[in-house]
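Below is one structure; the comments refer to it alone.
The values are calculated or read from the model by the stated rules, or taken from the named source; none is laboratory data. Just so we're clear, the structure is a prediction, and the values are computed from it rather than from any experiment. Please note: Cβ atoms are built from the backbone with ideal geometry, for glycine as well, and neighbour counts cover all protein chains shown. Note: accessible area is taken over every heavy atom of the protein model, side chains too, but ligands, DNA and RNA are not part of it. Shrake-Rupley method; radii C 1.70, N 1.55, O 1.52, S 1.80 Å.
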Amino acid sequence: MAERILIVEDEPKLAELLRDYLLREGYDVFLLERGDAVEDWVRAHGADLVLLDLMLPGRGGIEVCKALRGFSDAAIIMVTARVEEVDRLLGLALGADDYICKPYSPREVVARVKAVLRRTRPVETGAPAQLLLDEPALKASVAGRELGLTAVEFQLLKILASSPGRIYSRDQLMDAMYRDERVVSDRTVDSHVKKLRRKIAEVLPERELIHSVYGVGYKYEWPADPMPDDPGVR
Ligand code: CA
């Protein structure tokens, strides 16, 4: 399901430009011009992220931000026309996730939106949190998000995930990872595991899927709790 982004901006041209950029990225995008319309809208429809202009008719961005923080876990990016305003906003501890200054490029906003969503929505609400391996394409995704693995990292994850709970030695992992029997050191396996873990952590920060077994090697385990009905690898 696409993430919902609400743009609150009283300059229609700017709002529409941003909307077009974000739509192209596959988000569901909605526009509001007035600050006093935001709270009701978010209560009624929900949002994953709100791009919130500071100066708005009806109700200012600061008040809107405080109101949203009271009931919604939507990520909030505050947009201000003045760089020096950011320090003041930070001092208010509004709980916004990021700040953007005008004028901005739509590309920059898209990048910031993605970064904030990645940070605040590691697992999409309601999406099944599971590992999917697309072998022909060498692509792995967790909870619908692609991990961006190298071919070697993909092989490593595939072996480990093929038998959850089974401990593999570094030698076994090396054999399976490098079919051409290139000589690699133990440290190479460790560094691939490290990179793989880092990529998984980007989409699933609170769970460890790959566990070190001291002195032996590694194993893959999908955490049973707190996702009791999780299907694990499919
Ligand atoms: Ca404005």
### Message
Exactly one of these conditions fails for VAL189: (1) at pLDDT 85 or above; (2) over 25 Å from the mean Cα position of the chain (by Cα); (3) exposed (fewer than 15 other Cβ atoms within 10 Å of the Cβ). Give me its number.
### Response
(3)
### Query
Looking at (1) basic (Lys, Arg); (2) in contact with a helix residue (DSSP H, G or I) (Cβ under 8 Å, 6 or more places away or on another chain); (3) crowded, with 17+ Cβ neighbours inside 10 Å, can you tell me which one ARG112 breaks?
(2)
### Query
Are any residues in the stretch 34-50 in contact with a helix residue (DSSP H, G or I) (Cβ under 8 Å, 6 or more places away or on another chain), more than 16 Å from the ligand (Cβ to nearest atom) and assigned to a helix (DSSP H, G or I), and if so, which ones?
GLU39, VAL42
### Query
Does the stretch 72-93 include one or more residues that are within 20 Å of ILE5 (Cβ to Cβ), open to solvent by 70 Å² or more (accessible area, probe 1.4 Å) and in a loop (DSSP other than H, G, I, E, B)?
yes
### Query
Restricting the search to the stretch 1-33, which residues are within 16 Å of the ligand (Cβ to nearest atom), not in a loop (DSSP other than H, G, I, E, B) and not hydrophobic (A, V, I, L, M, F, W, C)?
PRO12, LYS13, GLU16, ARG19
### Summary
Of the candidates ALA224, ALA201, the one satisfying the condition of being modelled with pLDDT under 85 and out of contact with any Leu (no Cβ under 8 Å at 6 or more places or on another chain) is ALA224
### Yes/no for VAL116 being more than 16 Å from the ligand (Cβ to nearest atom) and touching a residue at least 40 places away in the same chain (Cβ under 8 Å)
yes
### Task
Filter the stretch 51-71 down to the residues that are within 16 Å of the ligand (Cβ to nearest atom) and among the charged types (D, E, K, R), then identify the one that is surrounded by the most Cβ atoms within 10 Å (Cβ to Cβ).
ASP53
